[in-house]
Amino acid sequence: MNAVTLALLTPLVTAVLCLLFLRSLPLQRSFGVAGMVVLLGVSLRLMAEVGGGHIEVVRFGNWPAPFGIVLVADLLAAIMVLVSAIIGLAVAVYSLADVDARRERLGYYAFLHFMMFGVCGAFLTGDIFNMFVWFEVMLISSFVLMCLGGEKPQMEGAVKYVVLNLISSSFFLAACGILYGQTGTLNMADLAVTAREMRPELLTMTAMLFLVAFGLKAAIFPLFFWLPASYHTPPVAVSAVFAGLLTKVGVYALMRVFTLIFTSDVLLTHGLLLGLAGFTMVTGVLGAMVQFDFRRLLSFHIVSQIGYMVLGLALFTPLAIAGTVFYLFHHIVVKANLFLVSGITRRYGGSFDLKKLGGFYAAAPLVALLFFIPAMSLGGIPPLSGFFAKFAIVKAGLAGDTIFGGWATVLAAVALAVGLLTLFSMTKIWAEVFWKPAPEGHAPHRGNVPRAERWLLLGPVAALAALTLAIGFFPQFFFDFAARSAEQLMHPEIYINAVLGGTT
Amino acid sequence: MEFLLAITIGVLYAASFYLLLRRGVVRVVLGIALLSQAVNLLIFTAGGLREGAVPFIADGQEVLAATSADPLPQALILTAIVISFGVLAFTLAMVHRADQATGTDDVDDLKGTDAT
């Protein structure tokens with residue numbers, strides 16, 4: 001069986017197994033972790049298959065495209081599946097110590113894998129309506145993960161999360177319907193060809209519908225308000241996997257449609273993305289500055305970082321797109337890691353409130369180090385991964401070969417300023433949680449967490465931090481992949497030919 | 001016919017957004033339900049209306065006649081209906097649980113987790 005199908009079957013089978021053995025916690029836990037290990041293996045194989053530039057296309061029922069539904073694994077999709085599997089594994093291990101037995105009995109691992117199923121499907125599908133279905137698979141599992149446990153703040157966050165995401169889905173569906181009505185096809189490669197013959201104003205209108213739909217999921221300005229209102233409410237493991245993966249699925253979808261289908265009026269569509277990217281970066285980082293809740297602060301930074309990725313997409317040059325791809329995998333690793341660290345400091349110190357935490361540098365130097373690496377990476381300090389990600393995007397903005405002229409330079413300057421403010425936020429956490437002496441009665445204590453659990457919490461964090469360091473020390477290796485993926489994205493005919501087999 | 005359907009879709013959208021903006025959380029859920037109906041009707045209309053042209057392949061023919069209606073939008077709608085049914089069931093259960101947990105059905109009172 002090919003790696004593309006396996007990447008979808010693995011999480012599905014794991015989820016079903018978890019449901020079958022719902023009563024046995026040890027079995028659920030083993031399946032939960034083992035499934036992620038297998039998924040990681042499969043995604044590495046997928047990466048090996050498509051890493052060389054070959055695009056793998058799976059036609060279901062052997063129906064030729066564009067009539068059947070296809071799964072397409074180009075380099076971007078393979079990279080995204082690989083990073084998702086890495087985060088999935090880290091979070092599954094972390095969950096063993098973080099998620100309480102009550103939630104585990106309610107089927108936590110099953111829904112975690114169902115969500116991975118939806119995420120991988122959304123990355124791998126080559127059909128726009130099919131992507132809608134994968135989004136729904138991902139969303140409804142994430143709804144359950146968000147609500148699981150039913151605590152008061154969770155439910156308050158969940159109402160906003162669910163309602164806004166459903167509205168975004170309805171925009172997505174309406175856009176698919178209009179696109180189908182105009183072109184008579186739903187296959188994305190075929191759409192890339194036929195959409196060029198659509199009436200330009202209708203095409204732009206459909207593009208805007210997709211922008212709203214995916215923009216809401218990606219949490220870009222001004223559609224991000226649900227994110228900082230909900231991401232800090234579920235257990236840490238859940239918010240880490242949400243923070244790492246879910247908004248990035250939205251970014252991925254934006255990248256897919258705005259490099260493949262809506263490229264005829266770049267000045268308008270990508271110009272709009274450019275402006276939104278700027279506002280997203282600025283509002284996110286400003287929102288974060290006033291926060292004193294560890295996870296809420298990080299949530300605002302998700303918004304701000306999404307701005308960088310959208311900026312790369314909007315600039316629409318090979319370097320900018322490569323920067324976006326690099327940014328995507330750097331960001332997923334770093335952001336999930338920071339959320340995981342916030343869980344550890346809460347377990348040691350008993351709070352998410354920065355004002356009630358303190359003294360960690362003395363009490364838990366290892367945790368301090370493990371926070372320092374992703375935090376500085378997020379702030380863009382060389383030689384960590386975030387520096388190279390920001391460097392590529394800012395360089396693309398200053399290069400002067402975009403169609404936006406001076407605006408690209410302005411946005412690059414905004415990106416630099418926002419980087420500085422991000423660093424400010426990270427040093428704020430550092431000063432509050434790690435350097436400041438512990439407030440009266442809130443001294444952090446390793447003994448609050450049993451030794452075995454401590455390793456389950458620290459292990460994934462250390463592994464992700466090591467990955468951040470690896471990306472930072474060997475950026476060329478990783479950037480080569482991003483550059484080749486950008487090459488494919490900037491030349492949609494490669495994708496189109498791979499799917500339609502030169503029939504057009 | 002398209003005109004009539006377009007008006008209906010517009011009214012459905014307007015009604016659902018009105019409901020979504022209400023404070024009662026049950027009304028919001030009804031708004032979501034109505035919204036999915038509006039979208040289904042939109043797909044149906046955008047896919048092209050053709051009266052009395054059943055998409056059957058006639059005797060002795062290999063392919064569908066070019067004049068027949070397109071069955072695919074209805075397949076899309078069917079999928080969308082099933083999904084929105086599942087999602088709606090979940091949303092109702094969630095709203096019930098939220099009501100129990102927070103003791104209010106007023107969206108304005110669900111501000112505990114909002115970013116300030």
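Quick note: the coordinates plus some simple rules give every number you see, no bench work behind them. What you see is a predicted model, and the numbers here were worked out from it, not measured in a lab. Cβ placement follows ideal geometry from the backbone for every residue including glycine, while neighbour counts extend to all protein chains displayed.
Each stretch of four or more DSSP H residues adds -39500 (n - 2.57); spread over every residue of chain A, this sum gives -25000 deg cm²/dmol at 222 nm. Shielding of peptide A:146-152 by partners, expressed as the average count of other chain Cβ atoms within 10 Å per residue Cβ, is 3. Can you give me the Kirkwood hydrodynamic radius for the range A:52-111, using every pair of distinct Cα atoms, in Å to one decimal? That comes to 14.4 Å for the range A:52-111.
When the alpha carbon gyration tensor of the range A:265-490 is reduced to an equivalent ellipsoid, its three semi-axes come out at 35, 19, 12 angstrom, largest first. The alpha carbons of the range A:357-504 give a radius of gyration and a Dmax of 21.2, 72 Å, in that order. One compactness figure for chain B is 1.49, namely its Cα radius of gyration divided by 2.2 N^0.38 Å. The amide H of residue B:53, built 1.01 Å from its N in the peptide plane, has B:69 as neighbours under 5 Å, considering only residues 5 or more places off or on other chains. Under the convention that each Lys and Arg Cβ holds +1 and each Asp and Glu Cβ holds -1, the size of the dipole of the range A:265-490 around its Cα centre is about 740 debye.
Gain on full extension, evaluated as 0.36 nm per residue between residue A:23 and residue A:474 minus their Cα-Cα distance, stands at 157.9 nm. Stokes-Einstein, applied to the Kirkwood radius of the range A:216-356 over Cα pairs at a viscosity of 0.890 mPa s and 25 °C, places its translational diffusion at 160 µm² s⁻¹. Put a dot 7 Å past the Cα of residue A:1, heading toward its Cβ, do the same for residue A:105, and the two dots end up 3.3 nm apart. In this structure the amide hydrogen of residue A:125, modeled in the peptide plane, comes within under 5 Å of the amide hydrogens of A:72, none closer than 5 places in sequence on its chain. Roughly how many whole Å is it from the C-alpha centroid of the range A:25-65 to that of the range A:427-443? Spelled out, the Cα-based centre of one part sits 43 Å from the other. Among the lysines of the protein assembly as shown, pairs at least eight places apart or on separate chains and with Cα atoms under 18 Å apart come to 15. Diffusion coefficient of the range A:389-432 by Stokes-Einstein, Kirkwood radius over Cα pairs, 4 °C, 1.567 mPa s: 115 µm²/s. With contacts taken as Cα pairs under 8 Å at a separation of at least 6 residues, chain A carries a relative contact order of 16 percent. Percent of C-alpha pairs per 10 Å bin in the protein assembly as shown, short distances first: 3, 17, 28, 28, 17, 5, 1, 0, 0.
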